[in-house]
Structures are given as C-alpha cells and as structure tokens.
Amino acid sequence: MSADTDRFFVLTGGPGSGKTTLIAALERLGYRRSEEAGRAIIQAQSAIGGSALPWADRGAFAELMLSWELRSHAMAFGQDGPVFFDRGVPDVIGYLRLSGLAVADHVRRAAALYRYNRRVFIAPPWEAIFAQDGERKQDFDEAVRTHEAMVEAYSAAGYEFVALPLASVEERVRFVLGHVGAAGG
C-alpha cells in the first residue's frame, strides 16, 4: 500500500476499554472513521439467524471480520484527512490466536499488505468503564487477554504503540489529536 496509509490511525485493545466511544467523539469533531466490525457482524448475524458468531463459529466470525476490515481500509482511500479505525486487520490475527485457531496464510498476507500508520493507539484494559452487553459477552479477564493478544499481533506486524491514558473522553481526544498532529496527519 502507499504512503497515503500514514493517515490511517488504528485504535485497538480489549473490549470495553473506550475505543468506540473515543472514535465517536472524534467523528463528532468532523474526523472520518471506520465502524467496528465485531459488533456490527454480531448484530447482523443475530438478525438473520447466522452462525458466524464468536460463541458459535469463531472461524467464520473471523473471516467476516477480515472482509469488513479490508473493505474499511479500501473505503478510507476515498476520504480526506486522517481516518480513525475501530480496530484493523491485525486484530483478526489477535482474535484467531486468542481463540486458539490457526492464522491462515491469507490473513497474514492481508496484515502485510493492508497497512496503517506505524503508530497504533492502544486502549489499556480499564475495569472502571468495562461493561458487558448483548454483543459484548466477554468478562474482564478475557478483555485483558484480548488486549495482550492485540499487543502481540500488532508488534509482530511491525507496529509501535501509543497507549491511551485512563482519562476522560475529552482528554483522550486531545491526546490522540496531539499525536496525529505530530505524525503530520
């Protein structure tokens, strides 16, 4: 992919760590964003009676997430300025490893070809804001393990981390925009 992907910023981490809330706040300020694959896939699969769900068929769920991330990446080229991704392709690798599933060659190739800014924002586990809901069935311990899986997947793919502070949404927005500005975004 081209250097144009330097303006693609991923926010990753475990579930319930404030990623989507932060990205929604950035969107309200006029920034472009992707939608989180996992939650949307769970909602769609539940609506149609599909089995590509993390509690039914994790492999099929991962393939749908990969397709979603590839589409989000392609769509971002048509948007101006910085684009914030609610997870990225390496998240699929982290999910597969966390689930004890093999990482297929095509998933590794996707992570190598579909790149983002080398600096990835990672939301650390934050028990004070963690909550389960209809789509988020993981407990906090699994959220911590997910965070660790994302660190491993993104590190192996050659990314560097910028840890988000455990702070208010407004403070996190200022933090992210300060780093995006420093990156020339």
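Here, each number is a calculation from the coordinates, and none is a lab measurement. All values reported here derive from a predicted model rather than from experimental measurement. Please note: Cβ atoms are built from the backbone with ideal geometry, for glycine as well, and neighbour counts cover all protein chains shown.
Listed from fewest to most Cβ neighbours within 10 Å, the set Arg115, Arg71 follows the order Arg71, Arg115. When shorter helices are ignored and each DSSP H run of at least 4 residues is given -39500 (n - 2.57), the per-residue value for the chain at 222 nm works out to -15500 deg cm²/dmol. For the chain, a Gaussian network of Cα nodes joined below 10 Å ranks Ser168, Ser99, Ser67 by mean-square fluctuation, and the top entry is Ser168.
In a GNM of the chain with a 10 Å cut-off on Cα contacts, which of Ile129, Ile93, Ile23 has the highest mean-square fluctuation? Between Ile129, Ile93, Ile23, it is Ile129 that shows the largest mean-square fluctuation. Exposure proxy shown here: for Leu70, Leu26, Leu113, the number of other Cβ atoms within 10 Å sets the order, fewest to most, as Leu113, Leu70, Leu26. Rounded to whole numbers, the Karplus 3J(HN,Hα) couplings from phi for the stretch 98-110 are 4, 7, x, 9, 5, 9, 5, 4, 5, 6, 4, 4, 4 Hz, using 6.51 cos²θ - 1.76 cosθ + 1.60 with θ = phi - 60°, and x at Gly and Pro.
Each Lys and Arg contributes +1 and each Asp and Glu -1, all at the Cβ; summed about the Cα centre of the stretch 1-139, the dipole is approximately 280 debye. Ordered by the count of other Cβ atoms within 10 Å of each Cβ, fewest first, Phe84, Phe130 give Phe130, Phe84. Near the amide H of Gly13, within less than 5 Å, lie the amide hydrogens of Ala123, all on another chain or at least 5 residues away, with H placed in the peptide plane.
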